[in-house]
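A quick write-up on the structure given underneath.
Quick note: the coordinates plus some simple rules give every number you see, no bench work behind them. Please read these numbers as outputs of a predicted model, since none were measured by experiment. Here the Cβ positions follow ideal geometry from the backbone for every residue, glycine too, while neighbour counts run over all protein chains shown.
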Number of protein chains: 2
Amino acid sequence: MRMLYHTNLSPFCRKVRMVMKEKGIDFELVCENPWDRKLDLFALNPAGELPILVEDDGTVVSGAYAICEYLEEAYPQITLLGTTLAERAEVRRLVDWFDHKFDYEVTKNILFEKVFKNYLGGGQPNSAMIRQGTSQMLYHLDYVGYLARERYFLAGENLTLADIAAASHLSALDYLGDVPWEYNPGAHTWYALLKSRPSMRCILSERVRGVRPPVYYEDPDF
Amino acid sequence: MRMLYHTNLSPFCRKVRMVMKEKGIDFELVCENPWDRKLDLFALNPAGELPILVEDDGTVVSGAYAICEYLEEAYPQITLLGTTLAERAEVRRLVDWFDHKFDYEVTKNILFEKVFKNYLGGGQPNSAMIRQGTSQMLYHLDYVGYLARERYFLAGENLTLADIAAASHLSALDYLGDVPWEYNPGAHTWYALLKSRPSMRCILSERVRGVRPPVYYEDPDF
């Protein structure tokens, strides 16, 4: 059986899981903690990072970028990148926005400080960084709201990898209760739409030991 | 004429320039400073970041990830990603290694602190971060040396986007004299090979005002 190694609350793992569900690709999920630094994880991916996809024939694909592009090439029946060159460029621009810009300005500041830093033995969360991440999130929510109002989904009329990347980061932060949805109604409406996708349901039903999400976390009518 | 907006010393801009040269795609180069925050740059790319490619027909492609994948789809005659699914997965794993892992652990700590922080009015360089970046670079050089010894180029027998991504980051740091090439002879030999590519020559001949590179910077026999 095709295996996907993931870790809880990682936006990059959430992204790959949603892509596989949207494409109807079956897989078995294996939860690993990268901070355990297990040798067999490094044997699969020398970076020691997740997600890692292992196909039935033994093909190993490491990292969300390589996996998402691989899935699009290997299973093209349902596309999440769009069909024309211009559509695909726009989807990838937005994927990059969330996986680089949003990750660097928001996710790393909040999720790393509040959760992963502790696992890695990095000491107390840095509250100044958390405040900076929370403050920087606001203009990203405005941008999500603006795109969703103009286009319905972030890159156009259909769900794409852009929506999945954005929802992966925001859902991980939402687990910590750190997304001020009331700040932008357009972003709120778009996220309600994403929450109702079956591809997101099983991700939202998971719990991390010791951290309880807000009551509205799973509810599409939040 | 096709236009590429870039900024000096950015590894992501260097990557796209090398890809276009290797593929034999003509373009006009326009140098912009993202820290000037010009409105027409934001009109092209709402992230206000570079590189940005503008095709003759007006198609705008923003960001190194979207541009490199776009170029591979639009101009497939010379591939820099490989042909089989497994080859392409390996190239993308390594591109991600340099554009995420190396960028976060090394490039940002050195290049941002020494050069871009000043342009952005961020104050004095943080010497602890520069030391951390320099120290973390060593295991990456070991990995480059290991791959080059096993495979000749980083992802296999042919030059790919993996080599170009790695050389883009390392060449920007080398401009500052911050790469200890003597540390790993295998990485040194691989970089000499990259330096001799015509696609890298015009990048290495450029100078940034106020910063002089080391004497060996352009020399393939360094």
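Can you pull the one-decimal nm distance between simple spin-label points at B:Ile78 and A:Tyr216, each 7 Å off the Cα toward Cβ?
Roughly 5.4 nm, to one decimal.
Along its three principal axes, how long is region A:88-222 when you only count alpha carbons? Whole Å, largest extent first please.
Reported extents, whole Å, longest axis first: 44, 27, 25.
May I ask you to list the lysines whose Cα is less than 19 Å away from that of B:Lys15, ignoring any residue fewer than eight positions away on the same chain?
Within reach: A:Lys101, B:Lys23, B:Lys101, B:Lys108, B:Lys195.
Can you tell me the length gained on complete extension of the stretch B:Glu55 to B:Ala128, counting 0.36 nm per residue apart and subtracting the Cα distance?
Using 0.36 nm per residue and subtracting the Cα-Cα distance, I get 22.1 nm.
Which residue, B:Thr160, B:Thr83, B:Thr107, has the most motion in a Gaussian network model of chain B that connects Cα atoms within less than 10 Å?
Maximum among the listed residues: B:Thr83.
Write out the trypsin sites (Lys or Arg not before Pro) in region A:156-208 meeting two conditions: DSSP loop, and at most 16 other Cβ atoms within 10 Å of their Cβ. Intermediate results must be reported in sequence, preceding the final value.
Numbers: sites: A:Lys195, A:Arg201, A:Arg207; in loops: A:Arg207.
Answer in residue order: A:Arg207.
Report the chymotrypsin sites (Phe, Trp or Tyr not before Pro) located in region A:177-217 that are in a DSSP loop and have at most 16 other Cβ atoms inside 10 Å of their Cβ, or state none.
Values: sites: A:Trp181, A:Tyr183, A:Trp190, A:Tyr191, A:Tyr216, A:Tyr217; in loops: A:Tyr216, A:Tyr217.
Taking region A:177-217 and a limit of 16 other Cβ atoms within 10 Å, the loop chymotrypsin sites (Phe, Trp or Tyr not before Pro) found are A:Tyr216.
With the label 7 angstrom out along Cα to Cβ, how close does B:Ser135 come to the same site in each of the other copies, in nm, nearest first?
Going from nearest to farthest copy, the values are 3.0 nm.
When you have a sec, figure out the Kirkwood radius of region B:78-124 from all distinct Cα pair distances and drop it here in Å to one decimal?
Answer for region B:78-124: a Kirkwood hydrodynamic radius of 12.6 Å.
Hey, what do the phi angles of region B:144-149 turn into as Karplus ³J(HN,Hα) couplings, whole Hz, using 6.51/-1.76/1.60 and θ = phi - 60°, x for Gly and Pro?
Rounded to whole hertz, the list is 4, x, 4, 5, 5, 5.
Let me have the relative contact order for chain A, percent, based on Cα pairs under 8 Å that are six or more residues apart.
In percent, rounded to a whole number, it is 20.
If each DSSP helix of 4+ residues adds -39,500 (n - 2.57) and the sum is divided by the residues in chain A, what number results at 222 nm, nearest 500 deg cm²/dmol?
Details: 8 runs with 100 residues, N = 222.
Mean residue ellipticity at 222 nm (helix-derived): -14000 deg cm²/dmol.
Between region A:1-67 and region A:80-132, what's the alpha-carbon centroid distance in Å?
After rounding, the separation between the Cα centres reads 18 Å.
Which whole-Hz ³J(HN,Hα) couplings does region A:2-8 yield from phi under the Karplus relation 6.51 cos²θ - 1.76 cosθ + 1.60, θ = phi - 60°, glycine and proline marked x?
For region A:2-8, the Karplus-derived couplings read 4, 10, 10, 8, 9, 9, 4 Hz, x marking Gly and Pro.
Does region A:1-125 come out rounded, prolate or oblate, given a ≥ b ≥ c as the square roots of the eigenvalues of its C-alpha gyration tensor, rounded meaning a/c under 1.5 and, failing that, prolate meaning a/b above b/c?
Note, shape of region A:1-125 comes out oblate.
Quick one: with label points 7 Å out along Cα→Cβ, list the inter-copy distances for B:Gly210 in nm, shortest first?
4.6
Give me the percent of DSSP beta bridges within chain B that run antiparallel, rounded to the nearest 5. Don't skip to the end; give the middle numbers.
Working: 7 of 11 bridges.
Taking every DSSP beta bridge with both residues in chain B, the antiparallel ones total about 65 percent.
May I have the extent of the alpha carbons of the protein assembly as shown along their three principal axes, as whole Å values ordered from largest to smallest?
Sorted largest first, the three principal extents are 63, 49, 46 Å.
Identify, among A:Ile52, A:Met18, A:Ser135, the residue whose Cα sits farthest towards the positive end of the charge dipole of the protein assembly as shown, taking +1 on the Cβ of Lys and Arg and -1 on the Cβ of Asp and Glu, with the dipole about the Cα centre.
So the residue furthest toward the plus end is A:Ser135.
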